[in-house]
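Report on the following structure.
The values are calculated or read from the model by the stated rules, or taken from the named source; none is laboratory data. Small disclaimer: the values here were computed from a predicted structure and weren't measured. Cβ: placed from backbone, ideal geometry, glycine included. Neighbour counts: every protein chain shown. Remember, those area values only see protein heavy atoms, side chains included, never the ligands or the DNA or RNA. Shrake-Rupley method; radii C 1.70, N 1.55, O 1.52, S 1.80 Å.
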Amino acid sequence: MPQDPAERRVTVTGPPRRTRRASGYYRPRTEIDEQTTLGHTYVRSLMRSQLRAGLTAFAVLGLLVGPLPLLFAAMPDARRLEWAVLGFGLYAPLVLLARWYVRRAERNERDFVRLVEDR
């Protein structure tokens, strides 16, 4: 049975314009907003990673600055050395430590957002 050219069917292919979400679709952002146990676990994980970065920076700071009073007590007549160490010797390591901490905290937040986004 030949078809009339006016009655031909045309199939259009391409990406679907609307997609339906499955009924059991998993949305972490909703879990966090509704403060469910799973959402609480996500937030607690972010807070734990931020705390770990902060404690690491604090430990490095303590190891860097902690022994200085002992060093200064061992050399009682080296006042200029004390000011040089405190003024110039600690500046660069403290700036590097602060930079590391900020980058680590931002990376933790970026990873958390990537985990929670609806993509």
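The modelled label-to-label distance between Arg27 and Arg107, using points 7 Å beyond Cα along the C-beta direction, is 3.2 nm. What separates the Cα centres of segment 63-98 and segment 26-50 is a distance of 42 Å. Can you pull the percent of segment 80-119's accessible area that's carbon plus sulfur, 1.4 Å probe, other chains left in place? The nonpolar share, carbon plus sulfur, comes to 61 percent.
If DNA, RNA and ligands are ignored and the probe is 1.4 Å, what is the ranking of Met47, Met75 by accessible area, most exposed first?
These residues rank, largest area first, as Met47, Met75.
Modelled this way, with points 7 Å down the Cα-to-C-beta line, the labels at Arg17 and Arg114 are 3.4 nm from one another.
When the square roots of the Cα gyration tensor eigenvalues are ordered a ≥ b ≥ c, the ratio a/c for segment 42-119 is 1.5 or more and a/b exceeds b/c, which makes its shape prolate. Distance between the 7 Å Cα→Cβ label points at Leu55 and Leu96: 2.5 nm.
Dipole of segment 34-109 computed with +1 at Lys/Arg Cβ and -1 at Asp/Glu Cβ about the Cα centre; of Gln50, Pro76, Tyr91, farthest Cα towards the positive end is Gln50. Averaged per residue, segment 70-119 has 85 square angstrom of accessible surface, using a 1.4 angstrom probe with ligands and nucleic acids left out.
Length gained on full extension, Leu86 to Leu38: 12.6 nm, using 0.36 nm per residue less the C-alpha separation.
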